[in-house]
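Report on the structure given below.
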Amino acid sequence: MQYWLVKSEPNEYGWEDLQKKGEDIWDGIRNFQARNYLKSMKLGDPVLFYHSGKTKEIVGIAEVSEEAFPDPNDKEGKGWVAVKLKPKTSLSHPVNLEQIKADDVLNTMPLIKQSRLSVMPVEKVQFDLIVKSSS
């Protein structure tokens with residue numbers, strides 16, 4: 001099992017949108033490294049959902065409900081992929097970027113080092129610490 005983080009501007013597509021749909025396609029990714037991460041996601045992998053923009057915080061936990069398939073919005077056929085995500089639980093207390101930067105375990109996450117990526121891996125110890133910090 002691997003652990004992941006996806007991020008999105010809440011005014012474009014937020015955690016609440018995923019919750020309302022119950023399951024949705026995570027598509028539109030146009031970065032080669034992020035595409036490779038999407039291809040590595042496996043059914044049931046846990047995914048942290050991060051709101052970028054103004055709030056900058058992890059707000060929920062989803063899971064991969066369908067592994068990589070061709071992105072339906074890839075009209076040029078360039079090999080972009082998508083996955084399906086299903087919401088699992090909202091965090092009782094969102095974990096914000098300042099908390100992540102201040103923690104020696106969390107401040108090595110790709111979220112800090114490669115902040116432009118919208119899909120990235122998370123180490124199990126980091127995932128567990130975020131879940132613990134949110135309760």
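Below, the figures for the structure above:
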item	result
Single match in Lys75, Lys42, Lys86 (criterion: more than 21 Å from Arg116 (Cα to Cα), touching an Asp or Glu at 6+ places or on another chain (Cβ under 8 Å) and without any contact (Cβ under 8 Å) to a residue 60 or more places away in the chain)	Lys42
Residue match in the stretch 84-100 (condition: in contact with a Ser or Thr (Cβ under 8 Å, 6 or more places away or on another chain), at pLDDT 95 or above and over 19 Å from Val131 (Cβ atoms))	yes
Condition check for Gln126: farther than 24 Å from Asp27 by Cβ, buried (at least 20 other Cβ atoms within 10 Å of the Cβ) and touching a residue at least 12 places away in the same chain (Cβ under 8 Å)	yes
Residues of the stretch 55-64 satisfying the condition of being free of Cβ contacts under 8 Å to residues at least 40 places away in the same chain and more than 13 Å from Leu18 (Cβ to Cβ)	none
Any hit, the stretch 48-68, residues being among the hydroxyl-bearing types (Ser, Thr, Tyr), within 14 Å of the chain's Cα centre (by Cα) and more than 23 Å from Ile112 (Cβ to Cβ)	yes
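The rows are residues; the columns are (1) under 15 Å from Glu16 (Cα atoms); (2) crowded, with 19+ Cβ neighbours inside 10 Å.
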{"residue": "Gly53", "(1), (2)": "no, no"}
{"residue": "Asp71", "(1), (2)": "no, yes"}
{"residue": "Glu76", "(1), (2)": "no, no"}
{"residue": "Gly79", "(1), (2)": "no, no"}
{"residue": "Ala82", "(1), (2)": "no, yes"}
{"residue": "Leu85", "(1), (2)": "yes, yes"}
{"residue": "Ser90", "(1), (2)": "yes, no"}
{"residue": "Gln99", "(1), (2)": "no, no"}
{"residue": "Val105", "(1), (2)": "no, no"}
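The values are calculated or read from the model by the stated rules, or taken from the named source; none is laboratory data. These numbers come from a predicted model, not from an experiment. Positions of Cβ are generated from backbone atoms using ideal geometry, with glycine treated the same way; all protein chains shown enter the neighbour counts.
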